[in-house]
Amino acid sequence: MKLDSKIPEGPLAEKWTKHKFNLKLVNPANKRKYDIIVVGTGLAGASAAASLGELGYNVKAFCFQDSPRRAHSIAAQGGINAAKNYQNDGDSVYRLFYDTIKGGDYRAREGNVYRLAEVSVNIIDQCVAQGVPFAREYGGLLANRSFGGAQVSRTFYARGQTGQQLLLGAYSALNRQIANGKVTMYTRSEMLDVVIVDGKARGIITRDLVSGKIESHSAHAVLLCTGGYGNVFFLSTNAKGSNVTAAWRAHKKGALFGNPCYTQIHPTCIPVSGDHQSKLTLMSESLRNDGRVWVPKVARPGLKAKDAAAIPEADRDYFLERKYPSFGNLVPRDVASRNAKQMCDEGRGVGSGLAVFLDFADAIKRDGKKTIEAKYGNLFDMYQQITGDNPYEAPMMIYPAVHYTMGGLWVDYNLMTTVPGLYALGEANFSDHGANRLGASALMQGLADGYFVIPYTIGDYLAGLPTEKVSTDRPEFKEAIDKVNGTVQKFLSIKGKKTVDEFHRQLGLLMWEFCGMSRNDAGLKEAKQKIQTLKTEFWKDVNVLGGGNELNQELEKAMRVADFIELGELMVDDALNRTESCGGHFREESQTPDGEALRKDDQFTYVAAWEFKGENQPEELHKEPLVFENVKLTQRSYK
Amino acid sequence: MKINLKIWRQKNKDTKGSFKSYQLDHVSADMSFLEMLDVLNNELIHKGEESVAFDHDCREGICGMCSLYINGRPHGPQQTTTCQLHMRTFKDGETIVIEPWRAKAFPVIRDLVVDRTAFDRIQQAGGYVSVNTGGVPDANEIPIAKKVADEAFDSAACIGCGACVAACKNASAMLFVSAKVSQLALLPQGKPERKERVEKMVAQMDEEGFGACTNTGACEAECPKGISLTNIARMNREYFGAITTSYEVKVGGGD
């Protein structure tokens, strides 16, 4: 299989404009003859469904939650980047492009990233027009802040709830199309397979989570906007329901999976408090604008936050400021996370030993409590609610946690997977962040894909497709339904001894230990073997009570965990194959003398795209070479 | 700590439900309320009993999915979402009663899970600005005073959980509806449609079977996001302004 990224020829800045002109259009009168399925209603899904409905297509949108407004985009805190240069501080489309390519450690496509930077400015306009209440200055214009890894202030925000406000904006646009009859919304519906007819994606199989009914839906194209797979680690900052199932089932139907090992570990999360922990909570990294990260110079086991103030300045190690004087506390996430881990590995962690301080004492002294409260009030409240400690009085304790997955379904420049008619948008695809995502870029990418890319690129595909619908009576649908029913029945019949959560937790621990913040050959090989054992055990010994024809949350979880286990193995394969370190993927065998990630550009400047070859068969690796015509590959340095 | 639980169990919307009692012997004070239920469910499954169904997703207080009525109060004794409630709030040996949201417009689906699609339908009736993707002015074209933007944000912070309805003796949805009406009435982008919007949203709210507002203020007191009663006052003003001028709107079409 030859992977064609379909990046347009020509100068970087003209690629998208030229491409848009070259894309075929669907006649306005014909748009209503095409049906499009959108799975997932986060930023990518809701914006795509709304925009496609506005254009006149018939859209069916699906989400597993009780309302499209609950998608996990809602939890994004910090902000959204856009190259508006409202602050006159030297930003530009090119600079945002450059920062994103560099931040991704030169493992993303130039063409995609430039387009992302280019449309970023339209996103802000769109959201303001919808009534998104971004933060403003006293003069009435939009406020910006600088955000993880950027030296310009290009991040737009709505207090610490930017994702919520952007999602509610997209949700409102979606609602308008639902009211107009252009979008039909299916809530509490989970996609369990994609249906391929004559080599093209022509529909999906869903389970109605309330009645348990397995249903077929046919369409001319299918968009997967189903988010990332961070929950493979069990503990992550993702919502409990976030899962890989839709993407994984698509993968098993022929869509290649790109760079599965690229995982982002976020540096500023609330540390784990005990074995009962069900998820981890992120504190926006905007906190690093004013908070200073430190540990004691000499190990102080069990040091509590309330005793931190008693440690004199001279005995503190502000390790990020010390090691990276020009970026200080604002180094990219992977660098900040690894350094925190290193401090704790050295025994200088605080609290449980797996935590570092994030201290606001200086910021409060400098700007006053009121200013800090206005900026971060809700985050401080959240921290206090969860930990019982007051961050205005004592430093926060933070530790890295899995937050985002840069890998995902392989897509070309048009966001189409290797299955014709099957698209992947937002975090579900692999395309724009390379090996590491910059802060405030996830929201940007989700909305770019949904509002400003797919409405153009899908037309090119549909224009060449007859308007005739395919019937869900076709054998391809029947076969897929039978398979899903079979899986449901299988789970209900195992009646084993362990709960789904117990298996999931076990998988998560394995992944965190061997395929987490740092990875090595021996560990990954051990993990692969352990995951295979876990898989066998899972299918023999899981206990799913209740029936298939009712609301059954254990059954929902079981189906998701089954897919996570398979994905986990592929992540390990990918991490084994990539013997370089890059971005969020740190191979202990490949580091510079001072412990920074060391890329091997001569061997690994490619996208690893994996092809499913059958149950329990090794997947086949395909390589899409990454070509850099504008940016010179350098060792990232934030010193 | 030890905790006694009385939990509403109901197979589906058509069957009658009842309380069932459970006991948990090893609850950590650091657990979140939902983690305590995870522990219960894990124990139940090992005993061969079906787990308690409850809605939850982000577990960080923003998605609005969790919805438990705890000891007679939506989201329990603190003004937070259920997922942000921690067991340190409760006493050793305490009995905790857990029910689903109680409102006619929120029928029970199973155990503690209710159907809140009525909220979506109200938003679909008018909770938006009618702009298509593309073709909008530059984001800084219309300055908005910081005070106004902040106030609009305060209203927009609603997470749509439904605690306001569950808290209200009339099961009124006024706080929820007024939050969206306020946000868009305050901002210049929402002004062109403000009259139709409030009329349509209120009409849909009535059609869904929510009760009337009698200004008790329980909604505000229980709202995990601190949405203020001022929103209701503003919506009333918007509504009277709308119906006394020339707009005539019917739900489901308009003429």
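The values are calculated or read from the model by the stated rules, or taken from the named source; none is laboratory data. The structure displayed is predicted, hence computed values, not measured ones. Cβ: placed from backbone, ideal geometry, glycine included. Neighbour counts: every protein chain shown.
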Residue match in the range A:159-180 (condition: of a type in the set (A, V, I, L, M) and under 26 Å from A:Val488 (Cβ atoms)): no
B:Lys11 being basic (Lys, Arg), surrounded by fewer than 18 Cβ atoms within 10 Å (Cβ to Cβ) and more than 9 Å from chain A (Cβ to nearest Cβ): no
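Table: residues versus (1) at pLDDT 95 or above; (2) under 19 Å from the mean Cα position of the chain (by Cα); (3) under 25 Å from A:Ser242 (Cβ atoms); (4) within 14 Å of another protein chain (Cβ to nearest Cβ).
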| residue | (1), (2), (3), (4) |
| --- | --- |
| A:Glu550 | yes, no, yes, yes |
| A:Ala558 | yes, no, yes, yes |
| A:Gly568 | yes, yes, yes, no |
| A:Asn577 | yes, no, no, no |
| A:Glu580 | yes, no, no, no |
| A:His585 | yes, yes, yes, no |
| A:Gly595 | no, no, no, no |
| A:Leu598 | yes, no, no, no |
| A:Ala609 | yes, yes, yes, no |
Test result for A:Asp473, within 14 Å of another protein chain (Cβ to nearest Cβ) and either in a helix (DSSP H, G or I) or at pLDDT 95 or above (or both): no
Residues of the range B:128-148 that turn out to be more than 7 Å from every other protein chain (Cβ to nearest Cβ) and under 24 Å from B:Cys223 (Cα atoms), as a count: 2
Of the criteria (1) more than 23 Å from A:Thr579 (Cα to Cα); (2) surrounded by fewer than 21 Cβ atoms within 10 Å (Cβ to Cβ), which one A:Ala480 fails: (2)
Qualifying residue in the range A:146-154 (condition: touching a strand residue (DSSP E or B) at 6+ places or on another chain (Cβ under 6 Å) and among the polar types (S, T, N, Q)): yes
Of the criteria (1) more than 27 Å from A:Gln77 (Cβ to Cβ); (2) within 14 Å of another protein chain (Cβ to nearest Cβ); (3) in a loop (DSSP other than H, G, I, E, B), which one B:Ser28 fails: (1)
Residue list for the range A:66-103, filter: at pLDDT 95 or above, in a loop (DSSP other than H, G, I, E, B) and away from every other protein chain (no Cβ under 12 Å): A:Ala83, A:Asn88, A:Asp89, A:Gly90, A:Asp91, A:Ser92
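Yes or no, residue by residue, for (1) aliphatic (A, V, I, L, M); (2) at positive phi; (3) touching a Gly at 6+ places or on another chain (Cβ under 7 Å):
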site: A:Leu415; (1), (2), (3): yes, yes, no
site: A:Leu425; (1), (2), (3): yes, no, yes
site: A:Asn436; (1), (2), (3): no, no, yes
site: A:Ala440; (1), (2), (3): yes, yes, yes
site: A:Gly446; (1), (2), (3): no, no, yes
site: A:Thr467; (1), (2), (3): no, no, no
site: A:Thr472; (1), (2), (3): no, no, yes
site: A:Thr487; (1), (2), (3): no, no, no
site: A:Phe491; (1), (2), (3): no, no, no
Single unsatisfied condition, A:Arg560 versus (1) of a type in the set (D, E, K, R); (2) closer than 23 Å to A:Leu409 by Cα; (3) surrounded by fewer than 19 Cβ atoms within 10 Å (Cβ to Cβ): (3)
A:Ala608 vs. criteria buried (at least 22 other Cβ atoms within 10 Å of the Cβ) and under 22 Å from A:Phe257 (Cα atoms): yes
Hits in the range A:347-389 (condition: over 15 Å from A:Pro271 (Cβ atoms) and of a type in the set (Lys, Arg)): A:Lys365, A:Arg366, A:Lys369, A:Lys370, A:Lys375
Those helices (runs of 4 or more DSSP H) lying entirely in the range B:149-234 with at least 2 residues away from chain A (no Cβ under 14 Å) and touching a strand residue (DSSP E or B) at 6+ places or on another chain (Cβ under 8 Å): B:163-167, B:218-222
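Yes/no per residue for (1) out of contact with any strand residue (DSSP E or B) (no Cβ under 6 Å at 6 or more places or on another chain); (2) assigned to a loop (DSSP other than H, G, I, E, B); (3) modelled with pLDDT of 95 or more:
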{"position": "A:Glu9", "(1), (2), (3)": "yes, yes, yes"}
{"position": "A:Trp16", "(1), (2), (3)": "yes, no, yes"}
{"position": "A:Leu25", "(1), (2), (3)": "yes, yes, yes"}
{"position": "A:Ala46", "(1), (2), (3)": "yes, no, yes"}
{"position": "A:Ala50", "(1), (2), (3)": "yes, no, yes"}
{"position": "A:Phe64", "(1), (2), (3)": "no, yes, yes"}
Residue within the range B:13-25 that is charged (D, E, K, R), assigned to a strand (DSSP E or B) and touching a residue at least 40 places away in the same chain (Cβ under 8 Å) present: no
From A:Ile204, A:Ile214, residue being closer than 30 Å to A:Gln553 by Cα and either surrounded by fewer than 22 Cβ atoms within 10 Å (Cβ to Cβ) or touching a Gly at 6+ places or on another chain (Cβ under 6 Å) (or both): A:Ile214
So B:Gln183, is it under 18 Å from the mean Cα position of the chain (by Cα) and under 25 Å from A:Cys127 (Cβ atoms): yes
Per-region count, the range A:390-403, residues surrounded by 18 or more Cβ atoms within 10 Å (Cβ to Cβ) and either assigned to a loop (DSSP other than H, G, I, E, B) or within 14 Å of another protein chain (Cβ to nearest Cβ) (or both): 6
Selected residue (only one of A:Trp539, A:Trp512 is under 18 Å from A:Val484 (Cα atoms) and touching a residue at least 12 places away in the same chain (Cβ under 8 Å)): A:Trp539
Hits in the range B:31-53 - residues which are facing chain A (nearest Cβ under 10 Å), of a type outside the set (S, T, N, Q) and in a helix (DSSP H, G or I): B:Leu34, B:Glu35, B:Met36, B:Leu37, B:Asp38, B:Val39, B:Glu43, B:Leu44, B:Ile45, B:His46
Residue ID - nearest to the other protein chains (Cβ to nearest Cβ), chosen from residues in the range A:171-200 that are in a strand (DSSP E or B) and more than 21 Å from A:Gly486 (Cβ to Cβ): A:Met185
Residues being away from every other protein chain (no Cβ under 14 Å), farther than 23 Å from A:Asp501 by Cβ and not in a loop (DSSP other than H, G, I, E, B) - total across the range A:231-282: 7
